[in-house]
Amino acid sequence: MLDSKTPQGPLADQWTNHKNNIRLVNPANKRLIDVIVVGTGLAGSSAAASLAEMGYNVKAFCFQDSPRRAHSIAAQGGINAAKNYQNDGDSVHRLFYDTVKGGDYRSREANVHRLAEVSTSIIDQCVAQGVPFAREYGGLLDNRSFGGVQVSRTFYAKGQTGQQLLLGAYSALSRQISKGKVKMYNRHEMMDVVIVDGKARGIIARNLVTGEIERHSAHAVVLASGGYGNVFFLSTNAMGSNVSAAWKAHKKGAYMANPCFTQIHPTCIPVSGHYQSKLTLMSESLRNDGRIWVPAKAEDAEAVRKGTLKPTDIKEEDRDYYLERRYPAFGNLVPRDVASRAAKERCDAGFGVNDTGEAVFLDYASAIERYGKTEANVMNLENPSDEKVRELGKAVVKAKYGNLFDMYRQITDDNPYETPMKIYPAVHYTMGGLWVDYNLMTTVPGLYAAGEANFSDHGANRLGASALMQGLADGYFVLPYTIGDYLADDIRTGAIANDTPEFMEAEAAVKDRLEKFIGNDGDTPVDDFHRRLGRIMWNNCGMARNREDLTQAIEDISALRDEFYAKVRVPGKLNGYNPELDKAGRVADLLELGELMCKDALEREESCGGHFREEHQTEEGEALRRDDEFTFVSAWEHKGAPKDAELHKEDLVYDNIELKQRSYK
Amino acid sequence: MNLTLKVWRQDGPEDKGRLETHQLSGVTGDMSFLEMMDVLNDKIIREGGDPVVFDHDCREGICGMCSMFINGEAHGPGRGVTTCQLHMRSFKDGDTITIEPWRASAFPVVKDLAVDRSAFDRVIQAGGYVSVNTSGETLDANAIPIPKADADEAFNAATCIGCGACVATCKNASAMLFVSAKVSQFALLPQGQPERKRRVTRMVEQMDKEGFGNCTNTGACAVECPKGIDLSNIARMNRDFLSSSLTGE
């Protein structure tokens, strides 16, 4: 049984008490301690900047050409915080409750409560850094709603909130780089973590430009390397997003928790062809005002697919606003897992609206009309024409969601102001990740995981606008405190040598692996295997899963992995800039992770959040949890082949929330 | 559609570089430009060649990593888009497309179409921040109301993705649009005021040190900017720079 090291005492006091009682490192001693941070997204940048401000010597690594490009930059909709500026009944407790419920009761109470507590500081901090959040005419901050909640607690900067928050963290990081407190390594990839005497003491990195393998030592290592949605090949993740840093840590002893918990986001632009390299998200914020529907009659759906019927010509009574129909209390703002499954259900039943049959409509017509009427009232227009109302309404929608509408038009060549958008669920986020205790430390002493790379706060389903909150909470306000408790033992250790046998062996193993890729006598590009892995994962470990498919998938992935090593062609040189070589290493790791995900999904004989086992559903087709047997975190220990991983459990205890069947009706 | 691609190949910053010609078929209009490049690289790898190196990551127009000079234009034809959001429907069957890297002495070529833009990072490090520690113990976020118009304009400036299209487009390889966008974001917000003069002085100094050229007000940068960063930012920066030079900070 795993020990989460959750502090004692009442939930609301745990974090404060913990901070008051953990050990500190005095400023003079911090200067003697080195910390490595891998990844520069919200969690990594904020952690690196905060640790450096406190006085630690930080080395930060990113594979992109600048820390500002980490994939947090692409987050669109917003960031949650329990500020209750809207006076709509929000509170720390309500944010905590919504998050645990939204995660279908598979997250750790103490972590989620801490997240809700520090959420308010995040907004204060970001505003102080000059992050230009959206404001109302009175000069105060504006909010909007996201799925799974009944309050407006989401702060945003148009559809580019992640960009603005990351640039804020990047500016804090840049300030520390200029002071020399952070040494930044751009275009570097972590190849392995080095364990000395049972503790994480450094990493092996590759300079992606020169190909040089480097040994970096430190007193602690923080992985903020993001999620692994790219195991599905097609996802909303960036092309370079990968699991390698986390996976290497897993192979060196860090347990992987709930790897099968994947978030399939309901509102993405549907797949259009075989060549497709990634999917594009349309922010969940669009569900604030957009209405989701399919034709109510199968023959209308058929005609729409053939292109003989325009959606705008389908009468109101012939439309099935299925989310509003099934979930009247939350309507279009049900959580992501629920909305995604509902879309799949309609499309499987033959009501899909594009030529692949895998798309539903997201319609702005009524929002345009509603906003237009309000504007006309504000402008004192009497009996405005329908055309005028639409014009005014479109202007409001443009101001709120303009960049998203532009993006949609750019990709699909369709005008979303005139005709409903077509959307379909796509892989977006992974709730699973490295197991961490309350201090964000993995099962390897001195090895920490923050942000999407850890598993801690979202349970089986993440609510919208909570990823940004968690990344910054971990990096700014949690890890900088908790890491001190561990490093307090290291004030007399002195610099860690990077030429010990442990470093040399890890370096040799990395070089050996890379040489094998380059020397392989294959004929098939890396992407080919990645695409095939993605198809196996999507078909068997996607929105709906069952025993038979998962069992088969484990075998298929194992076979694909063997084929990969036999037939992959990695062109170019070892010493030099070679993106195909980088990709080969990442896909090799994904080929192992995928197998573990399927095993995890197979062994979790229940449905919860994004994990839907067809064998376990209610009569209405909702996820059916089995709390008696599965109220635990699955943490997997590496034992050779992924399918041989050993299960460890962390029991989830709910002292403050009653476990209920989730209902959004 | 069938295309003739003339692609810049260069082994490293010291290599002279050359255009290499490829014939590519099976391209469809719904492909993004980078997906077309994927198809090209797939073909090259299967034929035993060395694929074309190009920078890319998010493929949704926000990370700022992709950077191609296509037919003489940064991010190719079309306004308000990055290379990853450019779709092949902007081209027609039989077209010849010339693809080059950003060209500026401050952006040395890493390989083929990838360039080194760390000069931008160093300009930000020189002062592109508000010096506030990340304690969370700051004022309440609503303590200082900010007029919506100012907040919106600061946001508009802050949407710069740091791709470098402005530099690549400018005949002098000037970075004024990039630098002024960051200077403006903070100049428009109350939080940016205490360091306003010091910030602009230091960022401009660093910009000059990196070897970017001077601004001659042709405005080409703003035309090619995928995020529509406005020229008025440059005017604002010039005013701030002059005023801080005169007041000696």
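The values are calculated or read from the model by the stated rules, or taken from the named source; none is laboratory data. Remember, it's a predicted structure, so these values are computed and weren't measured experimentally. Positions of Cβ are generated from backbone atoms using ideal geometry, with glycine treated the same way; all protein chains shown enter the neighbour counts.
Observations on the structure shown:
- Checked against (1) touching a residue at least 12 places away in the same chain (Cβ under 8 Å); (2) on the phi < 0 side of the Ramachandran plot, A:Gly253 passes all but a single condition, namely (2).
- Given (1) closer than 18 Å to B:Ala104 by Cα; (2) away from every other protein chain (no Cβ under 13 Å), number of the condition B:Asp15 does not satisfy: (2)
- Annotation note: of B:Gln206, B:Gln125, the sole residue that is on the phi < 0 side of the Ramachandran plot and within 8 Å of chain A (Cβ to nearest Cβ) is B:Gln125.
- Identity of the residue in the stretch B:158-167, more than 7 Å from chain A (Cβ to nearest Cβ) and hydrophobic (A, V, I, L, M, F, W, C), that ends up nearest to the chain's Cα centre (by Cα): B:Cys163
- Selection status of B:Gly26, among the small types (Gly, Ala, Ser) and either touching a Cys at 6+ places or on another chain (Cβ under 6 Å) or within 10 Å of chain A (Cβ to nearest Cβ) (or both): yes
- Some residue of the stretch A:636-652 being under 25 Å from the mean Cα position of the chain (by Cα), hydrophobic (A, V, I, L, M, F, W, C) and at pLDDT below 95: no
- Criterion (facing another protein chain (nearest Cβ under 10 Å) and within 27 Å of A:Gln129 (Cβ to Cβ)) met by exactly one of B:Asp112, B:Asp57: B:Asp57
- When A:Glu603, A:Glu595 are screened for being buried (at least 22 other Cβ atoms within 10 Å of the Cβ), charged (D, E, K, R) and assigned by TED's automatic domain parsing to the domain that holds A:Met543, only A:Glu595 passes.
- Some residue of the stretch A:182-198 being surrounded by 24 or more Cβ atoms within 10 Å (Cβ to Cβ), touching a Leu at 6+ places or on another chain (Cβ under 7 Å) and either at pLDDT 95 or above or assigned to a loop (DSSP other than H, G, I, E, B) (or both): yes
- The number of residues in the stretch A:227-276 being basic (Lys, Arg) and in a loop (DSSP other than H, G, I, E, B) comes to 1.
- Among the residues of the stretch A:35-63, those identified as crowded, with 24+ Cβ neighbours inside 10 Å and either in a loop (DSSP other than H, G, I, E, B) or facing chain B (nearest Cβ under 9 Å) (or both) are A:Gly39, A:Thr40, A:Gly41, A:Ser46, A:Ala49, A:Ser50, A:Tyr56, A:Cys62, A:Phe63.
- Check on A:Arg513, closer than 26 Å to B:Glu35 by Cβ and not acidic (Asp, Glu): no
- The set of residues from the stretch A:123-156 being touching a residue at least 40 places away in the same chain (Cβ under 8 Å), in contact with a Gly (Cβ under 9 Å, 6 or more places away or on another chain) and either facing chain B (nearest Cβ under 7 Å) or in a helix (DSSP H, G or I) (or both) comprises A:Gln125, A:Cys126, A:Gln129, A:Gly130.
- Restricting attention to the stretch A:159-172, the residues being more than 7 Å from chain B (Cβ to nearest Cβ) and more than 19 Å from A:Asp474 (Cβ to Cβ) number 1.
- Identity of the residue in the stretch B:175-223, small (Gly, Ala, Ser) and over 20 Å from the mean Cα position of the chain (by Cα), that ends up surrounded by the fewest Cβ atoms within 10 Å (Cβ to Cβ): B:Gly192
- Odd one out for A:Met543, checked against (1) hydrophobic (A, V, I, L, M, F, W, C); (2) under 25 Å from A:Val271 (Cα atoms); (3) part of a helix (DSSP H, G or I): (3)
- Restricting attention to the stretch A:343-365, the residues that are aliphatic (A, V, I, L, M), assigned to a helix (DSSP H, G or I) and in contact (Cβ under 8 Å) with a residue 40 or more places away in the chain total 2.
- Scanning the stretch B:136-157 for residues that are part of a loop (DSSP other than H, G, I, E, B) and either within 7 Å of another protein chain (Cβ to nearest Cβ) or buried (at least 22 other Cβ atoms within 10 Å of the Cβ) (or both) turns up B:Gly136, B:Thr138, B:Leu139, B:Asp140, B:Ala141, B:Asn142, B:Pro145, B:Ile146, B:Pro147.
- Candidates in the stretch B:44-53 are the residues that are surrounded by fewer than 22 Cβ atoms within 10 Å (Cβ to Cβ) and in contact (Cβ under 8 Å) with a residue 12 or more places away in the chain; of these, the one that is farthest from the other protein chains (Cβ to nearest Cβ) is B:Val52.
- Condition broken by A:Lys83, with the remaining ones in (1) more than 8 Å from every other protein chain (Cβ to nearest Cβ); (2) outside any helix (DSSP H, G or I); (3) more than 30 Å from B:Ala119 (Cα to Cα); (4) not hydroxyl-bearing (Ser, Thr, Tyr) satisfied: (1)
- Failed item, numbered, when A:Gly77 is tested on (1) crowded, with 24+ Cβ neighbours inside 10 Å; (2) modelled with pLDDT of 95 or more; (3) more than 10 Å from chain B (Cβ to nearest Cβ): (2)
- Residue in the stretch A:635-654 that is under 30 Å from A:Glu324 (Cβ atoms) and surrounded by fewer than 13 Cβ atoms within 10 Å (Cβ to Cβ) present: no
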